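Read through the structure below, which is laid out as structure tokens, and then see the notes.
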Amino acid sequence: MTVLEAPVVRETESTVPEGTDRTPQRTRLGSAIPAAVPLAVLAVVLAALLGVLLVVDQRPSRPSLSRSEVAAMNAAPGLLDNFTTYRRASFEADWQRCLSSLTGDIKTQQQARKASTLKALTTSKADLQGQVGKVAVAGSSGHSVQLVAVLTGYQVQSATKKTVISTSQLSVTLTDVSGTWLISDLANTGVS
């Protein structure tokens, strides 16, 4: 049987001068390691949190609007202004501008309201003004775009006196007629 012997370790004389402390000293690197641990943990936690947020925030993006929908949204405020703004001093021109903004049945219905509209302006001694607040696309089909618009109606007594008479949510259909957007349907869907 063979016996293995452990190597003998011999102590050598130290080159450290007498009276010097022989305990191991921490180096600068050794003291930086404990300070770096909390920073490394913080970095890992932040990376995990960011990863969770990116995974959780997987909302579907808003579908983009077509060119015709954008064009209809841009045309709506002017068309609704033409439809709702009448001044006694320029009633005939305002009325013609209103009719030129309409097409189809709504145009026929509006033509029948001319006398009653003028009478209301004359009796109240005030003008009417509409102001569109917001417009949103509800849908589109063929050459028509359905919009939802918020319209505030004002009674204008003078250049400095204007009174809110209604705020309405409207369902508006605009139709592209030979490259021009016109109102083809309008319904009041809510009043505030």
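The values are calculated or read from the model by the stated rules, or taken from the named source; none is laboratory data. Because the structure is predicted, anything quoted here is derived from the model rather than measured. Glycine also receives a Cβ, built like all others from the backbone with ideal geometry; neighbour counts cover every protein chain displayed.
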- Could you pull out every one of the strands (runs of 3 or more DSSP E) wholly within the range 94-192 that has 3 or more residues that are modelled with pLDDT of 95 or more, over 24 Å from the mean Cα position of the chain (by Cα) and surrounded by 12 or more Cβ atoms within 10 Å (Cβ to Cβ)? 162-177, 180-191
- How do the pairs read when you match residues in the range 138-149 that are without any contact (Cβ under 8 Å) to a residue 12 or more places away in the chain with residues anywhere that are surrounded by 16 or more Cβ atoms within 10 Å (Cβ to Cβ) and not hydroxyl-bearing (S, T, Y), using Cβ under 8 Å and keeping only pairs 6 or more apart or on different chains? G139/V145; G139/Q146
- Query: Which pairs have Cβ atoms under 8 Å, sit 6 or more apart or on different chains, and link a residue in the range 109-121 that is of a type in the set (D, E, K, R) to one that is assigned to a helix (DSSP H, G or I)?
  - Reply: K114/W95
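Could you look through the range 64-84, keep only residues that are surrounded by fewer than 17 Cβ atoms within 10 Å (Cβ to Cβ) and not hydrophobic (A, V, I, L, M, F, W, C), and pick out the one that is modelled with the lowest pLDDT? Walk me through how you get there before you give the answer.
In the first step, residues of the range 64-84 are kept if they are surrounded by fewer than 17 Cβ atoms within 10 Å (Cβ to Cβ); the result is 64-67, 70-71, 74, 78.
Retained after the next criterion (residues that are not hydrophobic (A, V, I, L, M, F, W, C)): 64, 66-67, 74, 78.
On the way: S64: 87, S66: 91, R67: 91, N74: 94, G78: 95.
Step by step, filter the range 64-84, then rank; the result is S64.
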